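Asker: My questions will all concern the structure given below.
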Amino acid sequence: MVQYTWKRASCFPITALLLGMVLLASAGTPTFGASAQASKLLQDVKMSATQMRRDAAQMQTYIASKVTWKSHAMQINTIKEHINNAGKVLAELHDARDGAEPWQQDAIDKITPLLQEMASNTESIINHLNDNKQTWHPGYTGYVRSNAELSDDLAKLIGDYIDYGNAKNRTRELGKKMGM
């Protein structure tokens, strides 16, 4: 039987890493300036956002079901990994920003604060579990609910931008086909 041991780990590095990657990426020279690269990266961050949405919704069900704090800890660790992965992709998106289309730049600008807020909430959840080993505190449940809402908003937002980009590309292709 595998026994999970929650180790006190400051989540500050999550938030700092995410913010640092975004700031460094926006300050550096673009490595991929192409719109196609930005579209691929948006697909990647959408996959992470979809995973976060699923896991955050699962964690929200834990509040009502009286599972142990260890189950909460395992679930928030999974969410933390998704946030870190999304943060890495977001840093690449910031690198590609200058060569991206305006709608992609807008997507990057709107994704960034949502992901940063999720990282901050996740940090608060981890700190609460480390300090209290309890899951009933109103502040804790608020952060869990907020993460569920933010991850849902993030996944929908990214999906809408991707749908817009696909529609724009289809329109462009039809225009070429028709000689316009």
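The values are calculated or read from the model by the stated rules, or taken from the named source; none is laboratory data. Here the structure is a predicted model, which is why all the values come from computation and not from measurement. Note: areas computed on protein heavy atoms with side chains; ligands, DNA, RNA excluded. Shrake-Rupley method; radii C 1.70, N 1.55, O 1.52, S 1.80 Å.
Asker: Hey, any idea what % of region 95-180's accessible area is carbon plus sulfur with a 1.4 Å probe?
Answerer: With neighbouring chains kept in place, the figure for region 95-180 is 50 percent.
Asker: Using 0.36 nm per residue, how much length does the chain from Thr68 to Glu101 gain when fully extended, once their Cα-Cα distance is taken away?
Answerer: In short, 7.2 nm is gained.
Asker: So, one more: Need one number for region 76-142: average projected area of the convex hull over its C-alpha atoms, nm².
Answerer: Result: 4.9 nm².
Asker: What base-10 log of the normalised intensity I(q)/I(0) is obtained for region 110-180 from the Debye formula, alpha carbons as equal point scatterers, at q = 0.17, 0.21, 0.22, 0.27 Å⁻¹?
Answerer: -0.69, -0.86, -0.90, -1.09
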